[in-house]
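K.L.:
I'd like to ask you about the structure that follows.
The values are calculated or read from the model by the stated rules, or taken from the named source; none is laboratory data. A quick note: this is a predicted structure, and the numbers were derived from the prediction, not measured. Note that each Cβ is placed from the backbone with ideal geometry, even for glycine, and that neighbours are counted across all protein chains shown. Just so you know, the surface numbers come from the protein's heavy atoms only, side chains and all, with ligands and any DNA or RNA stripped out. Shrake-Rupley method; radii C 1.70, N 1.55, O 1.52, S 1.80 Å.
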Amino acid sequence: MKAIVYKGPKELEVLEIEKPVPKEGQVLVKVNRAGICGGDLGIYKGTHPRAKAPLVFGHEFSGVVEEDGKIFKKGTKVTVNPIYSCGDCLPCNTGDQHVCNTLRLVGIDRDGAMSEYVVVDEHKLYELGDEMSDELGALIEPIAVAVHSVREPGYKPGDNAIVYGGGPIGIAVAFVLKKFGCTNLTIVEADDKRLAMGKDFGFDMRDAKGLDLEALKLEKTNGNGFDFVFDCAGVEPVAAQLIKASKVRGKIVIVAGYKTPTMFPVNEGMFKEVAFEFVRVYRDKDYEIAIELAKDEPLFEKLVTHVLPVEQAQEGFDLLLTPGTGAMKVLFKF
């Protein structure tokens, strides 16, 4: 079967590899669409701390069950929750399996779904329904990230919010906030094409270039600052603004993964008594909610800007690594 394989830093190849064989408790899934995540870009660049070559990329995908399992029948359209927890550590035993001490993911710690077939544990599969498109099905994982990012810190309907970063996760967080009752919502983004796309989605987009944050706070919060500040950008200039954007005793949610050690103006945080909350992946309930939200919000699918054949794997990664291309979510078609 064809697969997109990480060969080493900044090196990938489309290869013919052996079709995997499921073990007890596993099922074989025929992949229809597989998406590139920020984590995949880190693997490609050779900066991911766990991923080792050779490795099949991919943990965002949709497909169909290839053979009858104990739960799902052949032909069932599915996606997968790609995280694996040990079940024995303190987080696992206290209901926090998503931050297991030895958390592992499909496409990072084992071969992933950028291939014609993938083997996964059957209990990690979620049925999508025949009416859901392959493209939307491949977005359930990033939507679940967004759901977790909004639910975990305790967002309540009516709280205002600002989202830094108008990429796929930032826009997904904004969609979830809107569904959860946020009517006073602002997204800050520097890329012109992403600004335009966010406006097309109906969001209040503000250009990070030359942004007057104090004026924005006055306009949107009567000068008090935002109830919730979501960092979906993960870059130093944004880190410097997060506390300034927050109200006194506001909540700052770090969704993005920072690639380098980052300075935060901690004295400002102390003066305001802000709360920092870091979020990672998702709980099972977040996955269930993500599927229902995807069915209810057709605009999610418009996050997909490119669907490429597997042979154009390098082009797909280059689109996301090159500024100004306008690429949001790039999927491969199998």
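K.L.:
If you take the residues of the range 238-265 that are at pLDDT 95 or above and out of contact with any strand residue (DSSP E or B) (no Cβ under 8 Å at 6 or more places or on another chain), which of them is farthest from Cys37 (Cα to Cα)?
P.N.:
Here the residue is Val248.
K.L.:
Quick check on this structure: which one of Asp111, Asp159, Asp88 is in contact with a Cys (Cβ under 7 Å, 6 or more places away or on another chain) and of a type in the set (Asp, Glu)?
P.N.:
Answer to the selection: Asp159.
K.L.:
Could you list all residues from the range 2-28 that are surrounded by 15 or more Cβ atoms within 10 Å (Cβ to Cβ) and within 26 Å of Ile169 (Cα to Cα)?
P.N.:
Passing the criteria: Ala3, Ile4, Val5, Tyr6, Leu12.
K.L.:
Which residues, counting only those in the range 69-87, are touching a residue at least 24 places away in the same chain (Cβ under 8 Å) and in a loop (DSSP other than H, G, I, E, B)?
P.N.:
Gly69, Lys70, Ile71, Phe72, Thr76, Asn81, Pro82
K.L.:
Are any residues in the range 100-133 more than 15 Å from Pro22 (Cβ to Cβ) and surrounded by 23 or more Cβ atoms within 10 Å (Cβ to Cβ), and if so, which ones? Spell out the reasoning first.
P.N.:
At the first step, the residues of the range 100-133 found to be more than 15 Å from Pro22 (Cβ to Cβ) are 100-105, 107-109, 112, 114, 126-133.
Hits for the range 100-133 are Gly107, Ile108, Gly112, Met114, Leu128.
K.L.:
Do we have any residue at all in the range 257-271 that's part of a helix (DSSP H, G or I), among the polar types (S, T, N, Q) and closer than 23 Å to Gly46 by Cβ? Break it down into steps so the answer makes sense when it comes.
P.N.:
In the first step, residues of the range 257-271 are kept if they are part of a helix (DSSP H, G or I); the result is 266-271.
Filter again for among the polar types (S, T, N, Q), leaving 267.
Imposing the further condition that a residue be closer than 23 Å to Gly46 by Cβ reduces the set to none.
Within the range 257-271, not a single residue is part of a helix (DSSP H, G or I), among the polar types (S, T, N, Q) and closer than 23 Å to Gly46 by Cβ.
K.L.:
Could you check how many residues of the range 274-309 are open to solvent by 80 Å² or more (accessible area, probe 1.4 Å), among the acidic types (Asp, Glu) and closer than 29 Å to Lys193 by Cβ? First the steps, then the outcome.
P.N.:
Of the range 274-309, the ones open to solvent by 80 Å² or more (accessible area, probe 1.4 Å) are 278, 280, 284-285, 288, 292, 295-296, 298, 302.
Okay, now just the ones that are also among the acidic types (Asp, Glu), so 284, 288, 292, 296.
Okay, now just the ones that are also closer than 29 Å to Lys193 by Cβ, so 296.
So the answer is 1.
K.L.:
Looking at the range 46-68, which of the residues that are open to solvent by 20 Å² or more (accessible area, probe 1.4 Å) and touching a residue at least 40 places away in the same chain (Cβ under 8 Å) is nearest to Ser133 (Cα to Cα)?
P.N.:
First, the residues of the range 46-68 that are open to solvent by 20 Å² or more (accessible area, probe 1.4 Å): 46-50, 52-54, 64, 66-68.
Restricting the remaining residues to those that are touching a residue at least 40 places away in the same chain (Cβ under 8 Å) gives 47-48, 50, 53-54, 66-67.
Details: Thr47: 33, His48: 31, Arg50: 32, Ala53: 32, Pro54: 31, Glu66: 18, Glu67: 21 Å.
Checked the range 46-68; the qualifying residue nearest to Ser133 (Cα to Cα) is Glu66.
K.L.:
Would you say Ala34 is among the small types (Gly, Ala, Ser) and surrounded by fewer than 18 Cβ atoms within 10 Å (Cβ to Cβ)? Before you say what the answer is, go through the steps one by one.
P.N.:
Numbers: among the small types (Gly, Ala, Ser): yes; surrounded by fewer than 18 Cβ atoms within 10 Å (Cβ to Cβ): no.
Answer is no for this residue.
K.L.:
Here's a follow-up. Just for the range 88-120: of the residues that are under 21 Å from the mean Cα position of the chain (by Cα) and in a strand (DSSP E or B), which one is farthest from Lys73 (Cα to Cα)?
P.N.:
Let us first name the residues in the range 88-120 that are under 21 Å from the mean Cα position of the chain (by Cα), namely 96-115, 118, 120.
Subset that is in a strand (DSSP E or B): 104-106, 110, 115, 118, 120.
On the way: Arg104: 27, Leu105: 24, Val106: 22, Arg110: 24, Ser115: 21, Val118: 16, Val120: 14 Å.
Only one residue tops the list, namely Arg104.
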